[in-house]
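Step one of this worksheet: look at the structure below.
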């Protein structure tokens, strides 16, 4: 799994 | 995916319901200014990343909408339709929510960087931002139906994000632990409200606390 650093959600 | 789309739509609708309620009734009775101020903080700390991070035109427009509409609502509440009666029952101590979220954001973040700490802070704060509003409902014991629709739509947004995260975990292998944990906390805080909303408002009764 990759950690969600890109923050593409609202 | 469908959950994300429905969640965002629900978020958008909640703001439109609130704006419409205030404009039409020309009153902010029963709406917590403290919750609205917390949302301004949430949106500013989370969405100011649009100045240095580009995701998509959709993402940018939504962020701009949430920042500007939340500030506009606070403006309406303080200057245009000031309501001292409502203010007097809006007594939740939000400094604890802000302070607690700040401490949690220092402990739990993806990187100890300014932008990441702000992002984490906004997630924690959002999870508890509705508390002053729910507290006010509890004190008055009832609410205007439109106000309950607003709170429901706002709560549905984060609740719908939960299946969205499960979907993304399966399809992309993407896991945002912070968002998931705070999203679940937020949904738990709403659960009591959801229950009453379902049993009373949707069946045509007034929103009254048992």
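The values are calculated or read from the model by the stated rules, or taken from the named source; none is laboratory data. Computed from a predicted model, the values in this text were never measured in an experiment. Please note: Cβ atoms are built from the backbone with ideal geometry, for glycine as well, and neighbour counts cover all protein chains shown.
Looking at the structure I just gave you, is residue B:112 more than 30 Å from residue B:140 (Cα to Cα), assigned to a loop (DSSP other than H, G, I, E, B) and within 14 Å of chain A (Cβ to nearest Cβ)?
On the way: more than 30 Å from residue B:140 (Cα to Cα): yes; assigned to a loop (DSSP other than H, G, I, E, B): yes; within 14 Å of chain A (Cβ to nearest Cβ): yes.
In short, yes.
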If we keep only residues of the range B:183-210 that are in contact with a strand residue (DSSP E or B) (Cβ under 8 Å, 6 or more places away or on another chain), surrounded by 14 or more Cβ atoms within 10 Å (Cβ to Cβ) and in contact (Cβ under 8 Å) with a residue 24 or more places away in the chain, then the residue nearest to residue B:8 (Cα to Cα) is B:197
Determine which member of the set B:98, B:17, B:22, B:117 is part of a helix (DSSP H, G or I), surrounded by fewer than 20 Cβ atoms within 10 Å (Cβ to Cβ) and either over 15 Å from the mean Cα position of the chain (by Cα) or within 14 Å of chain A (Cβ to nearest Cβ) (or both).
-> B:117
Give me a count of the residues in the range B:130-148 that are over 17 Å from residue B:39 (Cβ atoms) and surrounded by fewer than 19 Cβ atoms within 10 Å (Cβ to Cβ).
-> 8
Working only within the range B:158-170, note down all residues that are over 19 Å from the mean Cα position of the chain (by Cα) and within 9 Å of another protein chain (Cβ to nearest Cβ).
-> B:168, B:169
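Residues in the range B:142-149: is at least one more than 23 Å from residue B:187 (Cβ to Cβ), over 18 Å from the mean Cα position of the chain (by Cα), more than 14 Å from every other protein chain (Cβ to nearest Cβ) and not in a helix (DSSP H, G or I)? Working first, answer last.
Taking the range B:142-149 first, the residues more than 23 Å from residue B:187 (Cβ to Cβ) are B:142, B:144.
Filter again for over 18 Å from the mean Cα position of the chain (by Cα), leaving B:142, B:144.
Applying the additional criterion that residues be more than 14 Å from every other protein chain (Cβ to nearest Cβ) yields B:142, B:144.
Now restrict to residues that are not in a helix (DSSP H, G or I): B:142, B:144.
Scanning the range B:142-149 turns up at least one residue that is more than 23 Å from residue B:187 (Cβ to Cβ), over 18 Å from the mean Cα position of the chain (by Cα), more than 14 Å from every other protein chain (Cβ to nearest Cβ) and not in a helix (DSSP H, G or I).
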Might you check whether a residue that is over 24 Å from residue B:98 (Cα atoms) and either crowded, with 18+ Cβ neighbours inside 10 Å or at pLDDT below 95 (or both) occurs anywhere in the range B:35-53?
-> yes
Exactly one of B:99, B:7 is within 17 Å of residue B:182 (Cβ to Cβ), out of contact with any helix residue (DSSP H, G or I) (no Cβ under 9 Å at 6 or more places or on another chain) and at pLDDT 95 or above, and that residue is B:99
Which residue, of B:173, B:183, B:155, is within 12 Å of chain A (Cβ to nearest Cβ) and more than 17 Å from residue B:101 (Cα to Cα)?
-> B:173
